[in-house]
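Participant: Before anything else, here's the structure in question.
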Amino acid sequence: MTSVHGAGYHPTYNPTLPFCEPIPCALKDGTSVYIQGVAFKNLQSFVVNFSLGPDPVVHDIAFHFNPRFGDLNKVVFNSRLSGKWGHEEELRRMPFKNGEHFEILVMITQQHYKVLVNGNLFCEYGHRIPIQNVTHLYVDGNMTLQSVNFLGSCPTYCETMEAPPVFYPPVPYMRRLQGGLMTCRTIIIMGFIPLSASRFFINFIVGTTGDIALHINPRMDEKAVVRKSLQKGTWESEEKCISYNPFAPGQYFDLSISASPCNFTVFANGQHIFDYKHRVLVTMVDILEIGGNVTLSYVQV
């Protein structure tokens, strides 16, 4: 079964390094690139390049992001135009740690590349080369790359029905689903489970009645993912069978949740984990609620 992705959402999971892929459509104001990885224990250096072609040696580079460890312990930013490197910018503080997970979010604005590391603003790098000339993303170095996601780069036929994405919203989180939960809508939830986390939940709620069409309850303390529905104030039978459990303390996750006429289909990190047959009329669902021991990175409804 193939994962169904949301509008303008283009993920790649567990790619090998070096990673070099065309950027879907073209970079524009509002496009973001989200990278998850694990730094090597003997971390020396890695690079993230927004380049004007697939060859990291030959083609120019609009934005070169280069953490350098050891005695240098700094992050360098630069551009290469007509084969020549420009003035080097740097920050002498290091947000990455040996052997630890990290996430990098690069947000494209009219003025600059805005880089967040682990949810915290790290730098802003002004454009030296027009963003519309950028064609490829290149990643390589002392890391294991878990996922690369291009967010908001290409519209789809149902994108106009969706709300803008939200980055790093606080928990508890609640969002109204304008127009209800249609079969062309896919909900994307990306986040991190703290080391001390025991449980969190995701609810799809019927606002007029308070019924819960689907309650997803990852229980790290039980190593289980419970699903059930609430109707007329009563919880119904639980489902626990799962093909793959991505939820563990200290881990990032990437959920894709869509509704068909018959059931909810849920993917995690690109893998199908369960289907849930509708017990409540899904077209009545109009609220998304997330709470518990979880840190959210990105929500697209």
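The values are calculated or read from the model by the stated rules, or taken from the named source; none is laboratory data. Given the structure is predicted, the values throughout are model-derived calculations rather than measurements. Here the Cβ is made from the backbone with ideal geometry for all residues, glycine too, and neighbour counts use every protein chain on show.
Participant: For the stretch 90-108, name all the residues that are of a type outside the set (A, V, I, L, M, F, W, C) and surrounded by fewer than 16 Cβ atoms within 10 Å (Cβ to Cβ).
Facilitator: Those that are of a type outside the set (A, V, I, L, M, F, W, C) and surrounded by fewer than 16 Cβ atoms within 10 Å (Cβ to Cβ): 90, 92, 93, 97, 98, 99, 100.
Participant: Within the stretch 193-239, which residues are loosely packed, with under 13 Cβ neighbours inside 10 Å and either among the aliphatic types (A, V, I, L, M) or farther than 18 Å from residue 295 by Cβ (or both)?
Facilitator: 195, 208, 210, 222, 223, 232, 233, 234, 235, 237, 238 - these are the residues of the stretch 193-239 that are loosely packed, with under 13 Cβ neighbours inside 10 Å and either among the aliphatic types (A, V, I, L, M) or farther than 18 Å from residue 295 by Cβ (or both).
Participant: Can you tell me which residues in the stretch 164-188 are under 23 Å from residue 252 (Cβ atoms), at pLDDT below 95 and hydrophobic (A, V, I, L, M, F, W, C)?
Facilitator: 166, 167, 187, 188
Participant: Going residue by residue through the stretch 87-97, is there one that turns out to be of a type outside the set (Gly, Ala, Ser), within 28 Å of residue 169 (Cβ to Cβ) and touching a Ser or Thr at 6+ places or on another chain (Cβ under 9 Å)?
Facilitator: No, every residue in the stretch 87-97 fails to be of a type outside the set (Gly, Ala, Ser), within 28 Å of residue 169 (Cβ to Cβ) and touching a Ser or Thr at 6+ places or on another chain (Cβ under 9 Å).
Participant: Where in the stretch 187-301 are there strands (runs of 3 or more DSSP E), lying wholly inside it, with at least 2 residues that are among the aromatic types (Phe, Trp, Tyr) and within 25 Å of the chain's Cα centre (by Cα)?
Facilitator: Numbers: elements: 200-205, 212-219, 224-231, 252-259, 263-268, 271-277, 287-292, 295-300.
Result: 200-205, 252-259, 263-268, 271-277.
Participant: Give just the number: which of (1) within 22 Å of residue 69 (Cα to Cα); (2) in a loop (DSSP other than H, G, I, E, B); (3) at pLDDT 95 or above; (4) not small (Gly, Ala, Ser) does residue 94 not satisfy?
Facilitator: (3)
Participant: On the given criteria, is residue 122 touching a Pro at 6+ places or on another chain (Cβ under 7 Å), touching a residue at least 40 places away in the same chain (Cβ under 8 Å) and outside any strand (DSSP E or B)? Break it down into steps so the answer makes sense when it comes.
Facilitator: Working: touching a Pro at 6+ places or on another chain (Cβ under 7 Å): yes; touching a residue at least 40 places away in the same chain (Cβ under 8 Å): yes; outside any strand (DSSP E or B): no.
Against the criterion (touching a Pro at 6+ places or on another chain (Cβ under 7 Å), touching a residue at least 40 places away in the same chain (Cβ under 8 Å) and outside any strand (DSSP E or B)), residue 122 does not qualify.
Participant: Quick check on the stretch 12-29. Is at least one of its residues within 30 Å of residue 185 (Cβ to Cβ) and of a type in the set (Val, Ile, Thr)? Before you say what the answer is, go through the steps one by one.
Facilitator: Our first condition is that a residue be within 30 Å of residue 185 (Cβ to Cβ); within the stretch 12-29, this holds for 12-15, 19, 21-29.
Going one step further and asking which of them are of a type in the set (Val, Ile, Thr), we end up with 12, 23.
Looking through the stretch 12-29, at least one residue is within 30 Å of residue 185 (Cβ to Cβ) and of a type in the set (Val, Ile, Thr).
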